[in-house]
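**Q** The structure is given below, and queries will be raised subsequently.
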């Protein structure tokens, strides 16, 4: 009876130790499952011999949350919020960067559009300036052509200033070297003066001759030329500047083919007309309108 009672009292004590060991082994097994290490019971640990620990790995221990470590099927809202707050902050930062990039892109686009518009305006202004310059160049070319024609006209005018052609001529003779004009001489001078009435651009080329030699002949021929000029000025109002006289005495004028000696006193008068004046006025009386040559 005593033996049976002792055995029955030992069984509950052994059962209680076994339950306590099991209760301690369950959390250790769960933690070993999380960390990847095999779970050992206290009894087994005590039974196995101690060995050298493995070399330490340079790793960061994962954060544990609650009894179940990182994997917690019964995680609370605060824990979830604590885990997602860094992600939300990063997303907010990325949204801010995206908004800033969009704003920068819009700013660059607006500046680009403004630059393009300004460049287009400058190009349009340059095109208008080029068109205006082209119009001015064409106008300048037209003006230059007109100026060239005017210069050519002036050159023709200048070249024609000293271009004279003979229209008619007259020979006035004097008796015995006397400077008194005869009736026949006056009639010849009247006919010559009638041809230049109202005309412009003409001159009278007067050459006087005398049979006397030397200075006596020159002085005598000068008196004859002065007599002719005086008559034309006083009787026909011919300007003095249109009469060019030379006293040659008994010498022949240049180009005179007659080499015979001078025997009588005479004054040779040639009516010379400028070519420009002939274009602006009618030809002198006794001359042809188309050629200016004296009619027969």
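**Q** Among (1) out of contact with any strand residue (DSSP E or B) (no Cβ under 7 Å at 6 or more places or on another chain); (2) surrounded by 10 or more Cβ atoms within 10 Å (Cβ to Cβ), which single condition is residue 183 missing?
**A** (2)
One line per residue, one yes/no per condition, for (1) in contact with a strand residue (DSSP E or B) (Cβ under 6 Å, 6 or more places away or on another chain); (2) closer than 24 Å to residue 187 by Cβ; (3) modelled with pLDDT of 90 or more:
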| residue | (1), (2), (3) |
| --- | --- |
| 224 | yes, yes, yes |
| 232 | no, yes, yes |
| 254 | no, no, no |
| 269 | yes, yes, yes |
| 272 | yes, yes, no |
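**Q** It is to be established whether one or more residues within region 198-206 are over 18 Å from residue 241 (Cβ atoms) and at pLDDT below 90. If you could, list the steps in order and put the result at the bottom.
**A** Of all residues in region 198-206, those over 18 Å from residue 241 (Cβ atoms) come to none.
So far as region 198-206 goes, no, none of its residues is over 18 Å from residue 241 (Cβ atoms) and at pLDDT below 90.
**Q** Still on this model: Does region 203-211 include one or more residues that are under 12 Å from residue 269 (Cβ atoms), surrounded by 14 or more Cβ atoms within 10 Å (Cβ to Cβ) and out of contact with any strand residue (DSSP E or B) (no Cβ under 8 Å at 6 or more places or on another chain)?
**A** no
**Q** Would you say residue 155 is farther than 21 Å from residue 271 by Cα, assigned to a helix (DSSP H, G or I) and at pLDDT below 85? Outline the logic, then answer.
**A** Details: farther than 21 Å from residue 271 by Cα: yes; assigned to a helix (DSSP H, G or I): yes; at pLDDT below 85: yes.
So residue 155 passes the test.
**Q** Let me ask something else about it. Within region 203-218, how many residues are touching a helix residue (DSSP H, G or I) at 6+ places or on another chain (Cβ under 7 Å) and within 18 Å of residue 230 (Cα to Cα)?
**A** Matching residues across region 203-218 total 5.
The values are calculated or read from the model by the stated rules, or taken from the named source; none is laboratory data. Keep in mind that this is a model prediction, so the values were computed, not measured. We place every Cβ from the backbone using ideal geometry, glycine too, and count neighbours over all the protein chains shown.
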